[in-house]
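Worksheet: one structure, shown below.
The values are calculated or read from the model by the stated rules, or taken from the named source; none is laboratory data. The structure displayed is predicted, hence computed values, not measured ones. Neighbour counts are summed over all protein chains in view; Cβ atoms, including those assigned to glycine, are modelled from backbone coordinates with ideal geometry.
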Amino acid sequence: MTHYGGIDIGSRTIELVVVDEAGQVCASLQCDTGYDPLAATRSLIDAAPFDRIMATGYGRTLFEISFESRTVTEIKAHARGARALFGDAATIIDIGGQDSKAIALLENGRVKKFEMNDRCAAGTGKFLEIMARTLGFTIDDFGREALQAQNALTISSMCTVFAESEVTSLIAKGEDPRNIALGLHHSVIRRAAAMINRVSSAGDVVFTGGVARNPCMTELLAKQLGRRVLVPDEPQRIGALGAALLLMEEH
Amino acid sequence: MSIDYQTMWTDLGLDLTSHDALLNVLGTAYRDIYLAQENRPETMAYFDFVMSEVHGLRIKELLDEKAAGRKIIGSYCVFVPEEMVLAANATLVGLCSGADFAMEEVEKLLPRNTCALIKSSFGFKLGKVCPYLESADMIVGENTCDGKKKAYESLRPLVDNLYVMDLPQVKSANGKALLKSEYLRFMEALQELTGVAVTTESLRSGIKTVNAKRNAIHRLSALRAADPAPISGLDALLANQVFFYDNPARFTDAVNKICDELEQRVASKSGVCPVGTPRILVSGCPQAVPNWKLPMIVENSGAIIVGEESCVGERGTRNCVDESGSTVDQLIDAIVERYFQVDCAIFTPNTDRLAHIEEMVKAYRADGVIHYGLQFCQPYLMEAIPVEKALEEKGIPCLRLETDYSMEDAGQLTTRVEAFVEQLR
């Protein structure tokens, strides 16, 4: 029995998924990327045996050189991973640590069109993480707290640095941190929804990447789009799963 | 480069320390991007030599021409008619605008949100590192986009020989009349500068020289339609870039030699990449030397560029001038006729451009189009959206990129380009 690994080396975390010849998941591991992604990668690889591996994520080239693996972009990997879990997925939004992507698929599952956010961290997991910290929430509680808000304050800046000072001045005015938090979620969602609408105008949207674990994000996205938003159980591993499946299908 | 040029550069007023730094970066980039390619045509050796001497031997040639009484005209745009320049016994050269230089100084004169091309042209002046600019007896600016036309107002105090040409923005009879009157005014200025009167013979000879140069590039472009592609997009872009710098007759000869070699490659079905490699047409803003960022990323991502719908490419070289006129005025009309067809995004509307993109996709058998927009280049970025939409409606995949000369977004661009290439496979 051959085992195929998919590894997604992101800016915040690294995921490894191993599938068998039938595409069934045999192992799924995660660790922080940290300062030494290669060492982090080695610890994952040692913990889950596989025969071949395909890398994706921003660190894919580093991995390719060190481990002589194949690589695939996050876009194709997320498309494949989302299709494995939702057979007729046609639109995907992936919001990860340092970038976000909206992907439209053809009926056969191939990528039809995609959009990626610009150079900065606006509208990504990193933005939410820094804002949560500024407001004194843990990243895991951030979405739940935002959902408790009475009303959403308007945050106009999408630049992480400017938004942080905007948030600081709202705190100084005595605003409820939960209302600020909801405003921040809204600002990210508006950006994500606009990106989705540029690639696809109707139908269900599969939400992948670590940010999909935030319940406020998924709820607001569905409202903003007026479309059903589907979230996999472990949205952060979809890229790794997709990479593993693509490799399996090649053999 | 030889040490002999130090005196020449000092005499031109270049800042030797900065200039050395520029040449070092240029040399390293050329080695890493160009010389590292596999399976290059042997005849590209001529262009390797040209690039190694781009600030050396070529400048010496220009200075020798000057010493013999010829004038040097510097230009930033494909609307400046080289035919007239040659007819007035002068030489036309493109001025450097393909790399960031002296950005802090530039941003004292221009807003930050000015496109990289305009900023670069100022950087080369303020940093005193462009020997072409310093050799020029006349620098021709032109009213194309708002950025350039306002920038020339700020450039004027920095140079003592700026000539600004007005250009039409609409393809109407009035627009064509404006182009003709501006070309006549330019010819007057040239004649005054050189003291040489343009004659039917000299103008026809200028037209023939430039047509020959264009025909050589057309021949090269046609050969790129073959699968496997016989030449990389990087190398073909370089030929299109050197088009603006080199002695025209020698350039024509060198490109035709490349074509001879490529014809053999096509006949033997050999190329620079395997058959079936995804083929990409690049469309949009000009890519001036040494702006090789996009083709480097594309061709390192497993695709091959088969055409440039660009000023440094087919927009700049499309169509020849009718040589049959028997008076200066008839020949000028023919020149106006040819240049008035250039589908620059400063024109409104600019529907010819979309038709040309579609023609080029067919002619070069491109699988997809990458729309290359320089950040803050309003005319091309505005056109990018309808171009993308129109192409997608015809089933031609299109990737819209917006970037500048810095490498800070290279990782992001690589991911986008790789995903686009995956989409085409």
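Quick look at the numbers
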{"quantity": "Residues located in the stretch B:405-417, provided they are closer than 14 Å to A:GLY59 by Cα and at the interface with chain A (Cβ under 7 Å from one of its Cβ atoms)", "calculated": "B:GLY411, B:GLN412, B:THR415"}
{"quantity": "Selected residue [without any contact (Cβ under 8 Å) to a residue 60 or more places away in the chain and away from chain B (no Cβ under 14 Å)] from A:ALA84, A:ALA89, A:ALA47", "calculated": "A:ALA47"}
{"quantity": "Test: residue in the stretch A:58-69 that is touching a residue at least 12 places away in the same chain (Cβ under 8 Å), assigned to a strand (DSSP E or B) and more than 10 Å from chain B (Cβ to nearest Cβ)", "calculated": "no"}
{"quantity": "Filter result for the condition that a residue is modelled with pLDDT of 95 or more, part of a loop (DSSP other than H, G, I, E, B) and not assigned by TED's automatic domain parsing to the domain that holds A:ARG12, over A:PHE114, A:PHE137", "calculated": "A:PHE137"}
{"quantity": "Residues located in the stretch B:299-319, provided they are outside any loop (DSSP other than H, G, I, E, B) and over 19 Å from the mean Cα position of the chain (by Cα)", "calculated": "B:GLU299, B:ILE304"}
{"quantity": "Boolean, A:ALA149 is of a type outside the set (S, T, N, Q) and outside any helix (DSSP H, G or I)", "calculated": "yes"}
{"quantity": "Matching option when the condition is in contact with an Asp or Glu (Cβ under 7 Å, 6 or more places away or on another chain), of a type outside the set (Ser, Thr, Tyr) and part of a helix (DSSP H, G or I), among B:VAL275, B:VAL266, B:VAL210, B:VAL255", "calculated": "B:VAL210"}
{"quantity": "Selection within the stretch A:191-237 - more than 14 Å from the chain's Cα centre (by Cα), part of a loop (DSSP other than H, G, I, E, B) and among the polar types (S, T, N, Q)", "calculated": "A:SER200, A:SER201"}
{"quantity": "Only one of B:VAL129, B:VAL164, B:VAL170 that is β-branched (Val, Ile, Thr), assigned by TED's automatic domain parsing to the domain that holds B:ALA88, in contact (Cβ under 8 Å) with a residue 40 or more places away in the chain and surrounded by fewer than 18 Cβ atoms within 10 Å (Cβ to Cβ)", "calculated": "B:VAL170"}
{"quantity": "Residues of the stretch A:140-154 satisfying the condition of being closer than 17 Å to A:GLY97 by Cβ and either at pLDDT below 90 or acidic (Asp, Glu) (or both)", "calculated": "A:ASP140"}
{"quantity": "Qualifying residue in the stretch B:346-366 (condition: under 30 Å from A:GLY57 (Cα atoms) and either at pLDDT below 95 or away from chain A (no Cβ under 13 Å) (or both))", "calculated": "yes"}
{"quantity": "Cβ pairs under 8 Å, 6+ apart, first in the stretch B:70-92 and within 27 Å of B:GLY147 (Cβ to Cβ) and at pLDDT 95 or above, second assigned to a loop (DSSP other than H, G, I, E, B) and among the polar types (S, T, N, Q)", "calculated": "B:TYR76/B:SER97; B:CYS77/B:THR144; B:PHE79/B:THR144"}
{"quantity": "Residue among B:LEU92, B:LEU117 that is under 18 Å from the mean Cα position of the chain (by Cα), crowded, with 21+ Cβ neighbours inside 10 Å and assigned to a strand (DSSP E or B)", "calculated": "B:LEU92"}
{"quantity": "Complete set of residues in the stretch B:369-404 that are without any contact (Cβ under 8 Å) to a residue 12 or more places away in the chain, within 12 Å of chain A (Cβ to nearest Cβ) and of a type outside the set (Lys, Arg)", "calculated": "B:GLU392, B:GLY395"}
{"quantity": "Verdict on B:GLU61 being assigned to a loop (DSSP other than H, G, I, E, B), more than 30 Å from B:VAL336 (Cβ to Cβ), of a type in the set (Asp, Glu) and in contact (Cβ under 8 Å) with a residue 12 or more places away in the chain", "calculated": "no"}
{"quantity": "Condition met for B:GLN287 (surrounded by fewer than 21 Cβ atoms within 10 Å (Cβ to Cβ) and either of a type in the set (S, T, N, Q) or assigned by TED's automatic domain parsing to the domain that holds B:LEU238 (or both))", "calculated": "no"}
{"quantity": "Filter pass, A:ILE103 being under 20 Å from A:ASP8 (Cα atoms), within 12 Å of another protein chain (Cβ to nearest Cβ) and touching a strand residue (DSSP E or B) at 6+ places or on another chain (Cβ under 9 Å)", "calculated": "yes"}
{"quantity": "All positions within the stretch B:396-425 that are touching a strand residue (DSSP E or B) at 6+ places or on another chain (Cβ under 9 Å) and of a type in the set (Lys, Arg)", "calculated": "B:ARG400, B:ARG416"}
{"quantity": "Considering residues of the stretch A:106-137 that are among the β-branched types (Val, Ile, Thr) and either within 14 Å of another protein chain (Cβ to nearest Cβ) or under 18 Å from the mean Cα position of the chain (by Cα) (or both) only, the residue farthest from A:CYS159 (Cα to Cα)", "calculated": "A:VAL111"}
{"quantity": "Filter result (in a loop (DSSP other than H, G, I, E, B) and crowded, with 17+ Cβ neighbours inside 10 Å) within the stretch B:1-36", "calculated": "B:LEU12, B:LEU14"}
{"quantity": "Any hit, the stretch B:180-195, residues being assigned to a loop (DSSP other than H, G, I, E, B), at pLDDT 95 or above and not acidic (Asp, Glu)", "calculated": "yes"}
{"quantity": "Residue tally, condition among the hydroxyl-bearing types (Ser, Thr, Tyr) and part of a helix (DSSP H, G or I), over the stretch B:149-179", "calculated": "2"}
{"quantity": "Residue count for the stretch A:138-165, restricted to those that are under 22 Å from the mean Cα position of the chain (by Cα) and within 20 Å of A:ALA212 (Cα to Cα)", "calculated": "12"}
{"quantity": "Total residues in the stretch A:11-32, condition more than 10 Å from A:LEU245 (Cα to Cα), free of Cβ contacts under 8 Å to residues at least 60 places away in the same chain and either not assigned by TED's automatic domain parsing to the domain that holds A:TYR58 or not small (Gly, Ala, Ser) (or both)", "calculated": "5"}
{"quantity": "Residue satisfying condition, being within 20 Å of the chain's Cα centre (by Cα), more than 10 Å from chain B (Cβ to nearest Cβ) and β-branched (Val, Ile, Thr), within set A:ILE95, A:ILE75, A:ILE53", "calculated": "A:ILE95"}
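Residues are listed down the side, and each one gets a yes or a no for (1) over 20 Å from B:LEU220 (Cα atoms); (2) touching a helix residue (DSSP H, G or I) at 6+ places or on another chain (Cβ under 8 Å):
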| position | (1), (2) |
| --- | --- |
| B:GLY302 | yes, yes |
| B:SER310 | no, yes |
| B:GLU323 | yes, yes |
| B:SER326 | yes, yes |
| B:ASP333 | yes, yes |
| B:VAL336 | yes, yes |
| B:GLN341 | yes, yes |
| B:ALA355 | yes, no |
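Yes/no per residue for (1) under 24 Å from A:GLU129 (Cα atoms); (2) at pLDDT 90 or above:
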{"position": "A:THR13", "(1), (2)": "yes, yes"}
{"position": "A:VAL19", "(1), (2)": "no, yes"}
{"position": "A:ALA22", "(1), (2)": "no, yes"}
{"position": "A:CYS31", "(1), (2)": "yes, yes"}
{"position": "A:LEU44", "(1), (2)": "no, yes"}
{"position": "A:PHE50", "(1), (2)": "no, yes"}
{"position": "A:ALA55", "(1), (2)": "no, yes"}
{"position": "A:PHE63", "(1), (2)": "no, no"}
{"position": "A:THR71", "(1), (2)": "no, yes"}
